[in-house]
1. What number, in nm² with one decimal, is the all-direction average of the projected area of the convex hull of the alpha-carbon atoms of region 265-405?
2. At 1.4 Å probe size, with no ligands or nucleic acids counted, give the accessible surface of residue 171 in Å², nearest ten.
3. Rounded to the nearest 10 Å², what accessible area does residue 286 show when all protein chains are kept and the probe is 1.4 Å?
4. If I take every Cα pair under 8 Å that is 6 or more residues apart in region 39-176, average their sequence separation and divide by the length, what percent do I get for the relative contact order?
5. Accessible area of the chain with a 1.4 Å probe: how many percent of it is carbon plus sulfur?
6. With contacts defined as alpha carbon pairs under 8 Å and 6 or more residues apart, what's the relative contact order of region 403-522 in percent?
7. Skip the ligands, DNA and RNA, and give the accessible area per residue of the chain with a 1.4 Å probe, whole Å².
8. How large is log10 I(q)/I(0) at q = 0.06, 0.08, 0.10, 0.11 Å⁻¹ when the Debye formula is applied to the Cα atoms of the chain, each weighted equally and without solvent?
Amino acid sequence: MAARKLLLLSQYSSAHLRSLGRSRGWTRGIGSYSSSSVVDEPVTPSVKITDTQLLINGKFVDAASGKTFPTLDPRTGDVITHVAEGDAEDVNRAVAAARKAFDEGPWPRMTAYERSRILLRFADLLEKHIDDLAAIETWDNGKPYKQAAEDEIPGFIRLMRYYAGWADKIHGLTIPVDGKYHVQTLHEPIGVAGQIIPWNFPLLMFAWKIGPALACGNTVVLKTAELTPLSALYATRLFHEAGLPPGVLNIISGFGRTAGSALCSHMDVNKLAFTGSTETGRTVLDLAAKSNLKPVTLELGGKSPFIVCEDADIDKAVELAHFALFFNQGQCCVAGSRTFVHESVYDEFVEKARARAMKRVVGDPFKPGVEQGPQIDIKQFEKIRTYIKSGIESGATLECGGEQYGSKGFFVQPTVFSNVQDNMLIAKDEIFGPVQTISKFKDLDEVIRRANKSRYGLAAGVFTQNIDTANTLARALQAGSVCINCYHVFDAAIPFGGYKMSGIGREKGVYGLNNYLQVKAVVNPLKNPAWL
């Protein structure tokens with residue numbers, strides 16, 4: 001990526017940065033952000049971390065090598081705990097357990113209703129442990145506790161219940177054909193599914209992966225993100241308390257170059273599902289092809305347009321565009337990270353977007369009222385600041401932000417750029433941070449062309465009061481999801497996936513089931529049929 005050619009922003013002083021490009025209100029912005037005072041005095045979570053081993057064949061076990069690695073608190077950079085570091089040998093053990101559970105175990109052989117009941121019991125246990133799950137998610141990831149407790153964990157629970165409902169409704173068809181034959185299709189579980197989830201929404205992505213796979217009767221080996229391994233281990237322990245048979249769901253914590261690569265290359269894995277960067281997605285696809293040609297579902301990067309039309313209610317549009325970009329510290333693949341605003345309302349929008357960003361409350365994500373916590377780690381923190389430097393040097397107007405917030409941890413000030421041109425890196429690359437870019441457009445034909453001129457096609461947002469404009473844009477935008485006057489709606493029934501380099505296939509909803517099923521045609525001759 002072009003960003004790799006840039007020097008890290010941390011190498012430059014604030015005085016030097018102020019001298020680069022055009023900057024509006026930089027000094028004023030630094031001291032004016034809303035804050036929860038206490039980045040330097042982090043809240044101590046009450047939850048006790050106990051699940052730090054691999055989970056293979058229903059048991060928590062150490063890595064075969066005995067190695068562990070630290071998982072860090074992004075508020076401070078301090079170590080939370082050490083977690084077992086799985087590698088190829090552990091993946092082999094997990095796949096063997098999953099294979100035996102599929103070939104010989106009760107999971108694919110029990111009735112679909114029985115599988116459904118276990119999934120529902122799991123959801124009930126999750127509901128009883130929302131506080132602990134949310135605390136672990138916030139501690140390990142840095143997202144606001146309220147977001148985790150009130151949105152994401154309930155979303156996890158809802159999705160498990162959704163797929164529990166699907167378990168006994170998966171069936172094939174009876175097909176009329178030419179000739180005296182009875183033809184039916186069977187929808188069969190695909191076997192052992194290998195799954196790799198990202199760090200930005202650990203439990204939601206965990207649910208998106210295991211929900212449909214298990215409802216269909218498959219077994220799973222799932223690798224957690226090395227930056228956020230804790231919550232999936234806690235949740236999987238609850239799943240076994242709900243009655244999940246051993247070997248059906250195996251959890252490996254470890255690194256992509258070792259555990260992830262081994263899982264993608266494994267000859268006894270029948271299906272892969274990966275969520276993460278487009279670059280890593282290419283590697284996953286290549287390893288799957290070079291091993292046993294296992295089918296792959298990919299949910300990858302995005303650079304989603306958010307289009308504000310001339311008839312928009314500006315105050316509402318500003319708030320929605322702010323939410324579309326800054327939600328989850330901007331660490332969201334569908335973030336509305338290219339804000340296009342009609343020229344007739346552009347100046348008003350920019351001024352109000354700047355004011356809203358300045359009011360965003362940054363601080364300890366465990367504290368009430370905090371909207372934005374830290375970025376996930378130092379690497380992501382530096383990457384974001386590198387892109388900010390690039391925006392300044394390329395001539396975009398820095399309306400606010402651009403620096404570290406506080407003196408400890410990986411906090412970045414909410415940042416807004418205006419006068420952004422399409423050829424700038426901040427308009428092309430996935431920044432994955434709290435950096436809003438605002439561009440001007442004249443008419444629908446122009447904004448459609450510019451919005452679609454991207455290697456990504458994951459999502460898009462449209463803000464208008466005109467139904468004809470909404471319909472025109474919804475059909476013209478090359479994106480897997482188009483939200484009209486709303487954003488970040490992640491209902492369990494809504495399919496999710498992208499066009500172009502944003503991925504392959506769809507997750508969630510009924511479409512998510514197809515990833516984990518084989519379709520078999522069964523043909524029987526009929527002797528003297530009464531009808532055809």
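The values are calculated or read from the model by the stated rules, or taken from the named source; none is laboratory data. Just so it is clear, the structure is predicted and the values come from calculations on it, not from any experiment. Don't worry about glycine lacking a Cβ; one is built from the backbone with ideal geometry, like all the others, and counts go over all protein chains shown. Quick note on the areas: whole protein, heavy atoms, side chains included, nothing else; ligands and nucleic acids left out. Shrake-Rupley method; radii C 1.70, N 1.55, O 1.52, S 1.80 Å.
1. Working: hull surface 46.3 nm².
If you wrap the Cα atoms of region 265-405 in a convex hull and average its projections, you get 11.6 nm².
2. Residue 171 has an accessible surface of roughly 120 Å² with all protein chains in place.
3. 70 Å²
4. Numbers: 136 pairs, mean separation 31.3, N = 138.
Relative contact order, region 39-176: 23 percent.
5. 52 percent
6. Working: 143 pairs, mean separation 20.5, N = 120.
17 percent.
7. Numbers: 21260 Å² over 532 residues.
With all protein chains present, the chain gives 40 Å² per residue.
8. -0.30, -0.53, -0.81, -0.97
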